[in-house]
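Student: Let me begin by handing over the structure; questions about it come next.
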Ligand SMILES: Cc1ncc(COP(=O)(O)O)c(C=O)c1O
């Protein structure tokens, strides 16, 4: 990959195998509803040990199908985190239900299990928990709370393919789990998603929802419910099959890059590194550091701007969902509602993270990061 234009924030790990897989589908003429979909689904069933896997067109589509399949709709509440990519909360709104946010634990950046029980009401229909940046810590505790209150847990594992907590794989903690395959994810299909579950009925409903409400042997023009076109094409699935065959290799490469950053930043007094619990096997999605308490959001934004000037890709993953203009305007959320999320979110810096990064690249990123930090300190 040419570095002439700098170091991108993300970059998919595509080899000749993925390209050949696409060519084969194109030559077969079977571009949709072909054999690559069941093959891709079977890889997920085997990898995660779930009974069912349902390929869909995106992670958002997967979350939407799961919530609809669990009968979530108007008048219901779904408990979730404000510290995530917007799709996790939007999928709740898409059903007509209301997201009820729970602030995060600043150590894991995931929904704080201790705060969940307090917001459960008779209207609570489900919990939608996210593994922020791929970190599965606390999913065990959230699953236990969900079970105690007899609420289904939808696990948004879109960032966590390959992570595990106490040897239990991300995606398998709840009633169902959802993965996403946008090009910055551990594996990509361009766009795509996968639902996994042990619940046969839920999987059947999701299959119907993804395919315009068609059902089993009911025929192509018989529609049994309001459905969607959330199908994944065979072209996309073929990329996924090739990527899944390389999953361990891809995860190992990502670990190498994360390890390089950790070594370079371990003693940096201005940086808080991600906290990884000893029981966690981390499949790295992004590498997000936090600036220490003495930095303001203005400092952080200046650092991002400086890195971009040096052609180093970076981002403020994630602005709090409740402070997105749409959420503030339509639902009345305001700054101060979820202080732990807001505090953490003001100080995050996502560094370039992908398998093409060499040790030299990581050194260059950290050198420029240190320079940018020094500038905010007036040095
Ligand atoms: C936590 C989380 N949830 C949901 C999604 C939505 O996935 P997609 O972009 O495939 O719809 C993403 C990915 O971008 C995500 O990171």
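The numbers here are math on the coordinates, done by the rules we state, and not lab data. Because the structure is predicted, anything quoted here is derived from the model rather than measured. Every residue, glycine as well, gets a Cβ built from its backbone with ideal geometry; the counts of neighbours run over all protein chains shown.
Student: Rounded to two decimals, what is the ratio between the C-alpha radius of gyration of segment 220-302 and 2.2 N^0.38 Å?
Tutor: Normalised Cα radius of gyration, segment 220-302: 1.76.
Student: Shifting gears a bit: Kirkwood hydrodynamic radius, segment 1-52, all distinct C-alpha pairs: what's the number in Å?
Tutor: Working: mean 1/r = 0.0715 Å⁻¹.
Radius from the Kirkwood sum: 14.0 Å.
Student: Kirkwood Rh, Cα Rg: Rg to Rh for segment 291-342?
Tutor: Rg/Rh: 1.06.
Student: What are the equivalent ellipsoid semi-axes of segment 170-209, built from the alpha-carbon gyration tensor (square roots of five times its eigenvalues), in whole angstrom, biggest first?
Tutor: Rounded to whole Å, the semi-axes are 21, 13, 5.
Student: Within segment 229-255, name every residue whose backbone N is under 15 Å away from a label modeled 7 Å from Cα of residue 26 along the Cβ vector.
Tutor: 234-239
Student: May I pose another question? For segment 1-154, with equal point scatterers placed on the C-alpha atoms only and solvent neglected, what are the log10 I(q)/I(0) values from the Debye formula at q = 0.08, 0.16, 0.17, 0.21 1/Å, to two decimals?
Tutor: Calculated log10 I(q)/I(0) at the listed q: -0.33, -1.00, -1.06, -1.31.
Student: A further question follows. Classify segment 40-104: rounded, prolate or oblate, from the alpha-carbon gyration tensor (a ≥ b ≥ c, eigenvalue square roots; a/c under 1.5 rounded; otherwise prolate if a/b is larger than b/c)?
Tutor: Prolate is the answer for segment 40-104, as a/c is 1.5 or above and a/b outweighs b/c.
Student: In Å, what is the Rg of the alpha-carbon atoms in segment 247-376, and how long is Dmax?
Tutor: 15.9, 47
Student: Restricting the calculation to Cα positions, tell me the Rg (one decimal) and the Dmax (whole number) of the chain in Å.
Tutor: Cα-based Rg and Dmax for the chain come out at 20.9, 71 Å.
Student: Then there is this: Helix 200-210: angle to the longest alpha-carbon principal axis of the chain, degrees 0 to 90, nearest 10?
Tutor: Between the helix axis and the principal axis of the chain, the angle is about 80 degrees.
Student: For helix 297-309, report the angle its Cα long axis makes with the longest principal axis of the Cα atoms of the chain; keep it between 0 and 90° and round to the nearest 10°.
Tutor: 90 degrees
Student: In addition: So, in Å, what gap is there between the alpha-carbon centers of segment 260-334 and segment 128-200?
Tutor: Rounded to whole Å, the Cα centres lie 22 Å apart.
Student: May I have the convex hull volume per residue, in Å³, for the Cα set of segment 153-273?
Tutor: So the per-residue hull volume is 149 Å³.
Student: Counting alpha carbon pairs within less than 8 Å and at least 6 residues apart, what relative contact order, in whole percent, applies to segment 277-379?
Tutor: So the answer I get is 39 percent.
Student: Which of the three applies to segment 92-177, rounded, prolate or oblate, going by the alpha-carbon gyration tensor with a ≥ b ≥ c and a/c under 1.5 meaning rounded? Please list the in-between numbers first.
Tutor: Details: a/c = 1.55, a/b = 1.45, b/c = 1.07.
Cα axes put segment 92-177 in the prolate bin.
Student: May I pose another question? Note the angle between two axes, namely the Cα long axis of helix 359-376 and the longest principal axis of the Cα atoms of the chain, as a number of degrees from 0 to 90, rounded to the nearest 10.
Tutor: Orientation of helix 359-376: about 60 degrees from the principal axis.
Student: How high is the relative contact order of the chain, given as a whole-number percent (alpha carbon pairs under 8 Å, six or more residues apart)?
Tutor: So the answer I get is 22 percent.
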